[in-house]
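Trainee: Shown below is the structure under consideration.
The values are calculated or read from the model by the stated rules, or taken from the named source; none is laboratory data. As the structure is a computational prediction, the values presented were derived from the model and not from experiment. Heads up, the Cβs are rebuilt from the backbone with ideal geometry, glycines too, and the neighbour counts pull from every protein chain shown. We work out accessible area using only protein heavy atoms, side chains counted, and drop any ligands, DNA or RNA first. Shrake-Rupley method; radii C 1.70, N 1.55, O 1.52, S 1.80 Å.
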Amino acid sequence: QVQLAETGGGLVQTGGSLRLSCAAPGRTFSGSSIGWFRQAPGKEREFVARINWSGITPYYADAVAGRFTISRDTVKNTVSLQMNSLKPEDTAVYYCFPVGITNAPISGLASWGQGTQVTVSS
């Protein structure tokens, strides 16, 4: 299984912005939606956003709607997450993964990557 690779995390202050990128080396995931998930210390992994193969149907968790924007480049085979107006509660490790319409990760299509750490200071 291909392992997805997330990059772009870092340390920012409240109100700052970051742009995350997800790549799938050697795999296009044609026809699949790709989602972003995050896991904060001591908490379960939660859904953040997803986008379909064509890149025209994004969907967001209520906690990030209006602040985050997911996009997809089918030529470069990447999915990005632009995060604006960041809050301390956005602090987590962020992962990308194939996702279904119920916002649950689809096991068997890929392996989880190492994620990218996002830390928002107050």
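Trainee: Whole-Hz Karplus ³J(HN,Hα) for the range 81-95, in order, using 6.51 cos²θ - 1.76 cosθ + 1.60 and θ = phi - 60°, x for Gly and Pro?
Mentor: Taking θ as phi minus 60°, the curve returns 10, 8, 10, 10, 6, 5, 10, x, 6, 7, 4, 4, 8, 9, 10 Hz for the range 81-95.
Trainee: Oh, and also: Multiplying the sequence separation of Q82 and Y59 by 0.36 nm and subtracting their Cα-Cα distance, what value in nm do you get?
Mentor: Roughly 6.9 nm would be gained on extension.
Trainee: With θ set to phi - 60°, apply the Karplus curve 6.51 cos²θ - 1.76 cosθ + 1.60 along the range 22-34 and write out the HN-Hα couplings as whole Hz, x wherever there is a Gly or Pro.
Mentor: Going residue by residue, I get 10, 10, 10, x, x, 9, 9, 6, 4, x, 9, 7, 10 Hz, with x marking Gly and Pro.
Trainee: Ok, one more. If you find the alpha carbon centre of the range 80-114 and of the range 1-52, how far apart are they in angstrom?
Mentor: If we compute the Cα centre of each part, the gap is 4 Å.
Trainee: Hey, another quick one. Name the long-range amide H neighbours of G10: under 5 Å, sequence gap of 5 or more, or other chain; modelled H, no Pro or chain starts.
Mentor: Excluding prolines and chain starts, which carry no amide H, the hits are V118, T119.
Trainee: Still on this structure: Of G42, G108, A23, which is farthest towards the positive pole of the range 1-116's charge dipole, taken about the Cα centre with +1 and -1 on the beta-carbons of Lys, Arg and Asp, Glu respectively?
Mentor: With unit charges placed on the Cβ atoms, the residue in question is A23.
Trainee: Still on this structure, I have one more. Of all trypsin sites (Lys or Arg not before Pro) in the range 45-122, which ones are in loop regions per DSSP and have a Cβ with at most 14 other Cβ atoms within 10 Å? Each step should come with its number before you reach the end.
Mentor: Working: sites: R45, R50, R67, R72, K76; in loops: R45, R67, K76.
Here the trypsin sites (Lys or Arg not before Pro) that fit, given the DSSP loop and packing criteria, are K76.
Trainee: For V2, which sequence-distant residues (separation of 5 or more, or a different chain) have an amide H within less than 5 Å of its own amide H, given hydrogens modelled in the peptide plane?
Mentor: Residues meeting the amide H criterion: S111.
Trainee: Given H placed 1.01 Å from N in the peptide plane, which residues other than close sequence neighbours of T78 have an amide H under 5 Å from its amide H?
Mentor: Amide H neighbours of T78: D73.
Trainee: For the chain, what number results from the quotient of the Cα radius of gyration and 2.2 N^0.38 Å?
Mentor: Details: Rg = 13.3 Å, N = 122, 2.2 N^0.38 = 13.7 Å.
Compactness ratio reported: 0.97.
Trainee: Give me a comma-separated list of calculated 3J(HN,Hα) values for the range 97-105, in order, Karplus coefficients 6.51, -1.76, 1.60 applied at θ = phi - 60°, integers in Hz, x for any Gly or Pro.
Mentor: 6, x, 9, x, 6, 8, 6, 9, x
Trainee: If I ignore ligands, DNA and RNA and count only protein heavy atoms, how much of R27 is accessible to a 1.4 Å probe, in Å² to the nearest 10?
Mentor: Accessible area, nearest 10 Å²: 90 Å².
Trainee: Something else: Rounded to the nearest 20 debye, what is the charge dipole size of the chain about its Cα centre when +1 sits on each Lys and Arg Cβ and -1 on each Asp and Glu Cβ?
Mentor: Values: 10 positive and 7 negative charges, 37 e Å.
The calculated dipole for the chain is roughly 180 debye.
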